[in-house]
Amino acid sequence: MKILMVCLGNICRSPLAAGILQYKADNADLGWVVESSGTSRYHIGDPPHRMSQKVALSHGIDISNQRGSQFAKEDMLTFDLIYAMDRDNYADIKRMSGELWNEEKTDLILNELYPGEDREVPDPWYGNEKDFREVFDMLDKACDALIFRLTGKEG
Ligand code: 4NP
(Lines give C-alpha, C1' and ligand atoms only; values in the text may rest on other atoms or scores of the structure.)
Protein backbone atom coordinates (compact mmCIF):
# COMPACT_ATOMS: atom_id res chain seq x y z
CA MET A 1 0.00 0.00 0.00
CA LYS A 2 1.35 3.43 -0.96
CA ILE A 3 -0.32 6.41 0.68
CA LEU A 4 0.18 10.13 0.01
CA MET A 5 -0.68 12.93 2.46
CA VAL A 6 -1.25 16.35 0.87
CA CYS A 7 -1.53 19.89 2.26
CA LEU A 8 -0.72 23.35 0.88
CA GLY A 9 2.90 23.99 1.91
CA ASN A 10 4.05 20.43 2.72
CA ILE A 11 5.81 21.67 5.84
CA CYS A 12 3.18 21.72 8.63
CA ARG A 13 0.28 19.23 8.30
CA SER A 14 1.14 16.62 5.66
CA PRO A 15 4.67 15.88 6.97
CA LEU A 16 3.07 15.22 10.36
CA ALA A 17 0.36 13.04 8.81
CA ALA A 18 2.94 11.04 6.82
CA GLY A 19 5.24 10.68 9.83
CA ILE A 20 2.44 9.51 12.10
CA LEU A 21 0.99 7.00 9.63
CA GLN A 22 4.41 5.62 8.65
CA TYR A 23 5.27 5.15 12.34
CA LYS A 24 2.03 3.31 13.08
CA ALA A 25 2.21 1.22 9.90
CA ASP A 26 5.80 0.20 10.71
CA ASN A 27 4.86 -0.72 14.28
CA ALA A 28 2.03 -2.89 12.94
CA ASP A 29 4.35 -4.47 10.32
CA LEU A 30 2.06 -3.46 7.48
CA GLY A 31 4.78 -2.79 4.90
CA TRP A 32 3.13 0.48 3.85
CA VAL A 33 5.01 3.38 2.28
CA VAL A 34 3.71 6.81 3.29
CA GLU A 35 4.84 10.05 1.64
CA SER A 36 3.67 13.66 1.58
CA SER A 37 3.51 16.61 -0.79
CA GLY A 38 2.03 20.08 -1.13
CA THR A 39 -0.21 21.62 -3.75
CA SER A 40 1.97 24.75 -3.80
CA ARG A 41 5.60 25.27 -4.77
CA TYR A 42 6.30 27.47 -1.71
CA HIS A 43 8.47 25.06 0.27
CA ILE A 44 9.98 22.60 -2.21
CA GLY A 45 13.16 21.17 -0.66
CA ASP A 46 12.45 22.57 2.81
CA PRO A 47 12.40 20.49 6.01
CA PRO A 48 9.15 20.34 8.02
CA HIS A 49 8.21 23.39 10.15
CA ARG A 50 10.21 23.37 13.40
CA MET A 51 7.00 23.12 15.42
CA SER A 52 5.81 20.07 13.44
CA GLN A 53 9.22 18.50 14.08
CA LYS A 54 9.09 19.35 17.80
CA VAL A 55 5.56 18.03 18.34
CA ALA A 56 6.26 14.83 16.37
CA LEU A 57 9.48 14.20 18.27
CA SER A 58 7.69 14.66 21.60
CA HIS A 59 5.65 11.60 20.53
CA GLY A 60 8.77 9.67 19.49
CA ILE A 61 8.38 10.36 15.76
CA ASP A 62 11.33 11.87 13.87
CA ILE A 63 10.20 13.70 10.71
CA SER A 64 13.40 15.75 10.29
CA ASN A 65 14.46 13.90 7.13
CA GLN A 66 11.35 14.82 5.15
CA ARG A 67 11.70 17.49 2.43
CA GLY A 68 8.99 19.52 0.77
CA SER A 69 7.76 18.46 -2.66
CA GLN A 70 4.89 19.46 -4.91
CA PHE A 71 1.99 17.19 -5.84
CA ALA A 72 2.28 15.94 -9.43
CA LYS A 73 -0.60 14.44 -11.39
CA GLU A 74 1.30 11.16 -11.87
CA ASP A 75 0.93 10.72 -8.09
CA MET A 76 -2.67 9.76 -8.90
CA LEU A 77 -1.26 6.62 -10.54
CA THR A 78 1.65 5.94 -8.16
CA PHE A 79 -0.32 6.01 -4.92
CA ASP A 80 -3.16 3.75 -3.78
CA LEU A 81 -4.71 6.36 -1.49
CA ILE A 82 -4.34 10.14 -1.43
CA TYR A 83 -5.48 12.19 1.56
CA ALA A 84 -6.06 15.95 1.57
CA MET A 85 -5.95 17.93 4.82
CA ASP A 86 -8.62 20.45 3.78
CA ARG A 87 -11.19 21.09 1.07
CA ASP A 88 -8.94 23.53 -0.81
CA ASN A 89 -6.22 20.85 -0.98
CA TYR A 90 -8.82 18.38 -2.29
CA ALA A 91 -10.01 20.78 -4.99
CA ASP A 92 -6.41 21.58 -5.99
CA ILE A 93 -5.49 17.88 -6.22
CA LYS A 94 -8.51 17.32 -8.46
CA ARG A 95 -7.62 20.29 -10.70
CA MET A 96 -3.91 19.41 -10.88
CA SER A 97 -4.61 15.74 -11.68
CA GLY A 98 -6.45 16.56 -14.89
CA GLU A 99 -7.37 13.42 -16.85
CA LEU A 100 -5.67 11.22 -14.23
CA TRP A 101 -8.08 12.29 -11.44
CA ASN A 102 -9.44 9.28 -9.53
CA GLU A 103 -12.11 10.13 -6.99
CA GLU A 104 -12.08 6.57 -5.60
CA LYS A 105 -8.60 6.92 -4.10
CA THR A 106 -8.84 10.51 -2.87
CA ASP A 107 -10.47 11.75 0.34
CA LEU A 108 -10.16 14.19 3.22
CA ILE A 109 -8.12 12.58 6.01
CA LEU A 110 -10.68 13.45 8.70
CA ASN A 111 -13.35 11.48 6.82
CA GLU A 112 -11.58 8.41 8.26
CA LEU A 113 -12.59 9.66 11.71
CA TYR A 114 -15.88 11.40 10.87
CA PRO A 115 -17.13 9.63 7.72
CA GLY A 116 -18.93 11.86 5.26
CA GLU A 117 -18.61 15.04 7.36
CA ASP A 118 -15.87 16.64 5.21
CA ARG A 119 -14.15 18.14 8.28
CA GLU A 120 -10.82 19.92 7.76
CA VAL A 121 -7.44 19.83 9.50
CA PRO A 122 -6.87 23.55 10.29
CA ASP A 123 -3.74 25.16 8.88
CA PRO A 124 -1.39 25.86 11.84
CA TRP A 125 1.00 28.02 9.74
CA TYR A 126 0.16 31.21 11.67
CA GLY A 127 -0.49 29.36 14.93
CA ASN A 128 1.43 28.46 18.06
CA GLU A 129 2.55 25.16 19.60
CA LYS A 130 -0.95 24.46 20.92
CA ASP A 131 -2.32 24.61 17.35
CA PHE A 132 0.33 22.18 16.14
CA ARG A 133 -0.46 19.83 19.05
CA GLU A 134 -4.17 19.92 18.15
CA VAL A 135 -3.30 19.07 14.54
CA PHE A 136 -1.12 16.19 15.76
CA ASP A 137 -3.94 14.79 17.91
CA MET A 138 -6.47 14.94 15.05
CA LEU A 139 -4.08 13.23 12.65
CA ASP A 140 -3.12 10.63 15.26
CA LYS A 141 -6.76 9.61 15.71
CA ALA A 142 -7.47 9.71 11.97
CA CYS A 143 -4.48 7.44 11.26
CA ASP A 144 -5.65 4.96 13.92
CA ALA A 145 -9.10 4.92 12.27
CA LEU A 146 -7.56 4.47 8.81
CA ILE A 147 -5.41 1.52 9.92
CA PHE A 148 -8.33 -0.09 11.72
CA ARG A 149 -10.64 0.28 8.72
CA LEU A 150 -8.12 -1.18 6.27
CA THR A 151 -6.51 -3.89 8.43
CA GLY A 152 -8.65 -4.48 11.52
CA LYS A 153 -5.53 -3.74 13.61
CA GLU A 154 -5.24 -1.16 16.36
CA GLY A 155 -2.81 1.63 15.31
P1 4NP B 1 0.80 23.39 5.50
O2 4NP B 1 0.90 24.88 6.08
O3 4NP B 1 -0.06 23.49 4.25
O4 4NP B 1 0.14 22.62 6.57
O5 4NP B 1 2.21 22.96 5.21
C6 4NP B 1 1.35 25.95 5.33
C7 4NP B 1 2.69 26.15 5.17
C8 4NP B 1 3.15 27.24 4.45
C9 4NP B 1 2.26 28.11 3.88
C10 4NP B 1 0.90 27.91 4.02
C11 4NP B 1 0.45 26.82 4.74
N12 4NP B 1 2.74 29.25 3.17
O13 4NP B 1 1.90 30.09 2.77
O14 4NP B 1 3.95 29.36 2.94
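The values are calculated or read from the model by the stated rules, or taken from the named source; none is laboratory data. Bear in mind the structure is a predicted one, so any value in this text is a computation, not a measurement. Don't worry about glycine lacking a Cβ; one is built from the backbone with ideal geometry, like all the others, and counts go over all protein chains shown. We work out accessible area using only protein heavy atoms, side chains counted, and drop any ligands, DNA or RNA first. Shrake-Rupley method; radii C 1.70, N 1.55, O 1.52, S 1.80 Å.
Summary table below
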{"item": "Odd one out for SER64 among (1) touching an Asp or Glu at 6+ places or on another chain (Cβ under 9 Å); (2) hydroxyl-bearing (Ser, Thr, Tyr); (3) not in a helix (DSSP H, G or I)", "result": "(1)"}
{"item": "Filtered residues of region 39-55 (kept if among the small types (Gly, Ala, Ser) and within 13 Å of the ligand (Cβ to nearest atom))", "result": "SER40, SER52"}
{"item": "Pick from region 123-155, criterion open to solvent by 20 Å² or more (accessible area, probe 1.4 Å) and of a type in the set (A, V, I, L, M), ranking: farthest from MET1 (Cα to Cα)", "result": "MET138"}
{"item": "Filter result for ARG41 (at pLDDT 95 or above, open to solvent by 60 Å² or more (accessible area, probe 1.4 Å), within 18 Å of PRO122 (Cβ to Cβ) and out of contact with any Ser or Thr (no Cβ under 8 Å at 6 or more places or on another chain))", "result": "no"}
{"item": "Matching residues in region 1-38 - criterion: being within 16 Å of the ligand (Cβ to nearest atom), more than 18 Å from ASP92 (Cβ to Cβ) and not aliphatic (A, V, I, L, M)", "result": "GLY19"}
{"item": "Scan of region 79-122 for residues that are open to solvent by 80 Å² or more (accessible area, probe 1.4 Å) and either hydrophobic (A, V, I, L, M, F, W, C) or part of a loop (DSSP other than H, G, I, E, B) (or both), ordered by number", "result": "PRO115, GLU117, ARG119"}
{"item": "Residues being hydrophobic (A, V, I, L, M, F, W, C) and free of Cβ contacts under 8 Å to residues at least 24 places away in the same chain - total across region 89-137", "result": "1"}
{"item": "Enumeration of residues in region 51-66 that are crowded, with 21+ Cβ neighbours inside 10 Å and without any contact (Cβ under 8 Å) to a residue 40 or more places away in the chain", "result": "GLN53"}
{"item": "Of the criteria (1) away from the ligand (no atom under 13 Å from the Cβ); (2) under 17 Å from ASN10 (Cβ atoms); (3) not acidic (Asp, Glu), which one LYS94 fails", "result": "(2)"}
{"item": "Every residue from region 4-26 that is part of a helix (DSSP H, G or I) and either among the small types (Gly, Ala, Ser) or without any contact (Cβ under 8 Å) to a residue 40 or more places away in the chain (or both)", "result": "SER14, ALA17, ALA18, GLY19, GLN22, TYR23, ALA25, ASP26"}
{"item": "Residue, nearest to the chain's Cα centre (by Cα), within region 67-78, restricted to residues that are assigned to a loop (DSSP other than H, G, I, E, B) and without any contact (Cβ under 8 Å) to a residue 40 or more places away in the chain", "result": "ARG67"}
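One line per residue, one yes/no per condition, for (1) away from the ligand (no atom under 16 Å from the Cβ); (2) of a type in the set (Lys, Arg); (3) at pLDDT 95 or above:
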residue: ALA72; (1), (2), (3): yes, no, yes
residue: LEU77; (1), (2), (3): yes, no, yes
residue: MET85; (1), (2), (3): no, no, yes
residue: TRP101; (1), (2), (3): yes, no, yes
residue: ASP107; (1), (2), (3): yes, no, yes
residue: LEU110; (1), (2), (3): no, no, yes
residue: ASP118; (1), (2), (3): yes, no, yes
residue: PRO122; (1), (2), (3): no, no, yes
residue: ARG149; (1), (2), (3): yes, yes, yes
